[in-house]
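Colleague: Right, I'll just put the structure down here and ask away after.
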Amino acid sequence: MQNLQLDEILVANNVLTEDQRAKALKTAQQARCPFAEAVIKMGFATEEDIAVAVSKQIGVPYASRENKILKVEKTQGLDKLVAETFARDNLVLPLFLDENVLAVAVANPDNMVMLDNLKVMTGREIQPFIATKTQLVKAIDEFYTGGGAGVIEKTMDKVQASGGGDADDSPHDDVKLDLDKEVGSGGKGQEAISIVNAILKQAVTEKCSDIHLECYDDRVMLRFRIFGVLYERMPPTKQMFNACVSRFKILSKLDIAERRLPQDGTFSMKVQNRVIDLRVSICPTVYGEKVVMRLLDKGAVELNIDKIGLEPEQKEDFLRCADAPHGLIFLTGPTGSGKTTTLNTVLTTIKTPELNFMTIEDPVEIKIEGINQVQVRSAIGLTFAAALRSFLRQDPDVILVGEVRDQETAQTCLRAAMTGHLVLSTLHTNDAMGTVPRLIDMGIEPFLLSGSLILAAAQRLVRTLCPHCKVPYKPAPEELKMVVDLCKLKPQDTPDLANLMFFKPKGCDKCARTGFAGRKAILEVFPIEREFRDIIYKHGGDVARLKAQADALGKLSLRGSGMRKVLRGLTTPDEVLSITIED
């Protein structure tokens, strides 16, 4: 790059200030991650900002979906000129052929070895364009597979055209799938393998969090949970259902002959240069076995405290309590509400080499360098309580317990907090203040809880509007009043209500016609200060008194947190109301 490092290029092009550069360099060194990754995670610049700056500095053109250069047509046979496996392994996309010059988009134009190999392989001179990694991966997928949507339909058409329908239950691949590589045609059982691979590939492309495959008396149903809502997709035929279930069992190392008992397993797959972990649960029903798979895309998880959804005062309260030398912090909410991600983000934020961090989780979903993480293994006696007892002999400073499910775990957490450790954990309650009666019900004495609990919080996820198609509208006076009242804004922060616009979903190609593109957390965060301690000590689990005190202190509720995002145009009032209850 003309003898300039990336940090120098970004400063020279006014993308970073010298202060931001120094902070990013320090973060990259501590986290042992690339400088560009540190810059993006800290919010100093986007992938596009970095790519454009490098493009200007080294004189390589910039390619993006917006300037239409990354929208490639298959008219010149470029997919035959550059093999799909080479394109995916090296993150390179052929753009167009001009006489003897092949234009290609790359994420790293400095990779001269790859460009030389491409020149030899194609017999053409190479003209590189620079593109962001995110857009490049998506463009490669669309170019070689026609996008994710419809992959299942195309595969089913091929299977039915070839007369497929009777697949055996024997294993064919290793459990580490690589969906970017073609599965060969022919051979008994290949139809089931092709359908399963198509289901997984489309699920990843559509950013699905859970896959549901189930059988009924007259049909099979396949559903994807996308941003919290289930959508139906084209299912396998009823003749192929058992073969597909067996295929999922084989990948998860489960017993394919056992169809009477529930089974749980895991496997990993590689797609679009990303490794994705899947948790598989199989449950027998009256019509056959139901398969539910949770997808964890580690590359899509960003542990950035500023991007979770915390309001400024909530972030200050949470981090202040997380910096305490000892005490209990509980985050509550239903399954799938992002509790583990939030707590891991808090741990990442407060992590320092001077402290010893230990976690016990079931399962360990996000691996974090510098934190000792332990996986629950109940079959051999490694439970939350057993691990906690062991942790106390490991000289810990901060302990994360994935979930408090029973009295033994709750009491062990309390003892750890009372003996000088900071303990973070989760509970299944409807709101933050439900933590108190839940722990008392588990056998924790109110006088002990009042002295150890330092923060109770609750979390939900709301769908965020697609920025490409959201439609503005003027809210009705009563709707506007409801939203503003719940937000509990200070007078200086109140927007101009006369000209305030809300937004509603419309739907476009970029959001699969749903009108939504992603999810963000809404939280209520209550530091347990003196007033709360007095109520817990004197009145135990009186939730009404605790909530009244939180309201008197001006603390933001779940609905209030959601409505602030409505004011910022991120979501809709209906979306917030649908996942919260009125106090």
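Colleague: Name every residue in segment 7-26 that is without any contact (Cβ under 8 Å) to a residue 24 or more places away in the chain and open to solvent by less than 50 Å² (accessible area, probe 1.4 Å), in order of residue number.
Modeller: 11, 24
Colleague: Also, I was wondering about something else. For residue 240, state whether it is touching a residue at least 60 places away in the same chain (Cβ under 8 Å), closer than 15 Å to residue 195 by Cβ and under 27 Å from the mean Cα position of the chain (by Cα).
Modeller: No, not satisfied.
Colleague: Would you check which residues across segment 66-88 are under 30 Å from residue 8 (Cβ atoms) and surrounded by fewer than 16 Cβ atoms within 10 Å (Cβ to Cβ) and list them?
Modeller: 66, 67
This table checks each residue for (1) out of contact with any helix residue (DSSP H, G or I) (no Cβ under 6 Å at 6 or more places or on another chain); (2) closer than 23 Å to residue 89 by Cβ; (3) at pLDDT below 85.
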position	(1), (2), (3)
147	yes, yes, yes
166	yes, no, yes
173	yes, yes, yes
188	yes, no, yes
194	no, yes, no
241	yes, no, no
255	yes, no, no
260	yes, no, no
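Colleague: Something else: Identify all residues within segment 314-364 that are touching a helix residue (DSSP H, G or I) at 6+ places or on another chain (Cβ under 7 Å), more than 17 Å from residue 398 (Cβ to Cβ) and open to solvent by 20 Å² or more (accessible area, probe 1.4 Å); write none if there are none.
Modeller: Matches in segment 314-364: 315 only.
Colleague: Do we have residue 138 as part of a helix (DSSP H, G or I), open to solvent by 50 Å² or more (accessible area, probe 1.4 Å) and either aromatic (Phe, Trp, Tyr) or closer than 16 Å to residue 48 by Cβ (or both) here?
Modeller: Yes.
Colleague: Another question, then. Which condition from (1) under 25 Å from residue 354 (Cβ atoms); (2) in contact with a Pro (Cβ under 9 Å, 6 or more places away or on another chain); (3) not charged (D, E, K, R) is the one that residue 394 breaks?
Modeller: (2)
Colleague: Working carefully through the options 492, 411, find the one that is modelled with pLDDT under 90, in a helix (DSSP H, G or I) and more than 18 Å from residue 565 (Cβ to Cβ).
Modeller: Numbers: 411 fails: modelled with pLDDT under 90.
Only one candidate qualifies: 492.
Colleague: Among (1) open to solvent by 50 Å² or more (accessible area, probe 1.4 Å); (2) modelled with pLDDT of 90 or more; (3) within 30 Å of residue 447 (Cβ to Cβ); (4) among the charged types (D, E, K, R), where does residue 470 come up short?
Modeller: Here residue 470 meets the rest and fails (3).
Colleague: Among what's in segment 533-567 and is hydroxyl-bearing (Ser, Thr, Tyr) and within 18 Å of residue 489 (Cα to Cα), pick the residue that is most open to solvent (accessible area, probe 1.4 Å).
Modeller: From segment 533-567, those hydroxyl-bearing (Ser, Thr, Tyr) are 537, 557, 561; that's our starting set.
Checking the rest, the ones that are also within 18 Å of residue 489 (Cα to Cα) come to 557, 561.
Values: 557: 26, 561: 0 Å².
Result: 557.
Colleague: Within segment 482-497, track down each residue that is of a type in the set (Val, Ile, Thr) and under 31 Å from the mean Cα position of the chain (by Cα).
Modeller: Those that are of a type in the set (Val, Ile, Thr) and under 31 Å from the mean Cα position of the chain (by Cα): 483, 484.
Colleague: Which count do you get for residues in segment 495-511 that are in a loop (DSSP other than H, G, I, E, B) and surrounded by 20 or more Cβ atoms within 10 Å (Cβ to Cβ)?
Modeller: Residues in segment 495-511 being in a loop (DSSP other than H, G, I, E, B) and surrounded by 20 or more Cβ atoms within 10 Å (Cβ to Cβ): 1 in total.
Colleague: Same structure, new question: What number of residues within segment 197-246 satisfy the criterion of being aromatic (Phe, Trp, Tyr) and more than 14 Å from residue 512 (Cβ to Cβ)?
Modeller: As a first pass, look at segment 197-246 and keep what is aromatic (Phe, Trp, Tyr): 216, 224, 227, 231, 241.
From what is left, the residues that are more than 14 Å from residue 512 (Cβ to Cβ) are 216, 241.
Result for segment 197-246: 2.
Colleague: Looking at (1) over 30 Å from residue 287 (Cβ atoms); (2) in a helix (DSSP H, G or I); (3) at pLDDT below 75, which is the one condition that is false for residue 180?
Modeller: (2)
Residue-wise test of (1) surrounded by 15 or more Cβ atoms within 10 Å (Cβ to Cβ); (2) touching a helix residue (DSSP H, G or I) at 6+ places or on another chain (Cβ under 9 Å); (3) at pLDDT 70 or above.
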position: 92; (1), (2), (3): yes, yes, yes
position: 113; (1), (2), (3): no, no, yes
position: 121; (1), (2), (3): no, yes, yes
position: 129; (1), (2), (3): yes, yes, yes
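Colleague: If you don't mind, another one. Show the residue pairs that are 6+ apart or on different chains and have beta-carbon atoms under 6 Å apart, the first residue being within segment 27-43 and farther than 13 Å from residue 15 by Cβ, the second being outside any helix (DSSP H, G or I).
Modeller: Final answer for the pair search is 41/304.
Colleague: Among the residues in segment 389-398, are any of a type in the set (Ser, Thr, Tyr), at pLDDT 90 or above and closer than 30 Å to residue 562 by Cβ?
Modeller: Looking for residues that are of a type in the set (Ser, Thr, Tyr), at pLDDT 90 or above and closer than 30 Å to residue 562 by Cβ, one finds none in segment 389-398, hence no.
Colleague: So which residues in segment 431-480 are of a type in the set (Gly, Ala, Ser), within 24 Å of residue 561 (Cβ to Cβ) and part of a helix (DSSP H, G or I)?
Modeller: 432, 434
Colleague: Still on this model: Which one of the conditions (1) aromatic (Phe, Trp, Tyr); (2) over 30 Å from residue 400 (Cβ atoms); (3) modelled with pLDDT of 90 or more does residue 231 fail to meet, given that it meets all the rest?
Modeller: Here residue 231 meets the rest and fails (3).
Colleague: Turning to a different aspect of this structure: Under 9 Å between Cβ atoms, which residue pairs at least 6 apart in sequence (or on different chains) link something in segment 195-209 that is within 18 Å of residue 510 (Cβ to Cβ) with a partner that is open to solvent by 30 Å² or more (accessible area, probe 1.4 Å) and part of a loop (DSSP other than H, G, I, E, B)?
Modeller: 202/149; 205/149; 206/149; 206/512; 207/227
Colleague: Working carefully through the options 226, 282, find the one that is within 30 Å of residue 367 (Cβ to Cβ), open to solvent by less than 30 Å² (accessible area, probe 1.4 Å), touching a residue at least 40 places away in the same chain (Cβ under 8 Å) and of a type in the set (Val, Ile, Thr).
Modeller: Testing whether each residue is within 30 Å of residue 367 (Cβ to Cβ), open to solvent by less than 30 Å² (accessible area, probe 1.4 Å), touching a residue at least 40 places away in the same chain (Cβ under 8 Å) and of a type in the set (Val, Ile, Thr) leaves just 226.
Colleague: Right, another one. So, of the residues in segment 365-407 that are open to solvent by 50 Å² or more (accessible area, probe 1.4 Å), assigned to a loop (DSSP other than H, G, I, E, B) and without any contact (Cβ under 8 Å) to a residue 24 or more places away in the chain, which turns out to be nearest to residue 419 (Cα to Cα)?
Modeller: The extreme case among them is 393.
The values are calculated or read from the model by the stated rules, or taken from the named source; none is laboratory data. Keep in mind that what you see is a predicted model, and the values were worked out from it rather than measured. Every residue, glycine as well, gets a Cβ built from its backbone with ideal geometry; the counts of neighbours run over all protein chains shown. For the accessible areas, the whole protein counts, side chains as well, though only heavy atoms, and no ligand, DNA or RNA atoms are used. Shrake-Rupley method; radii C 1.70, N 1.55, O 1.52, S 1.80 Å.
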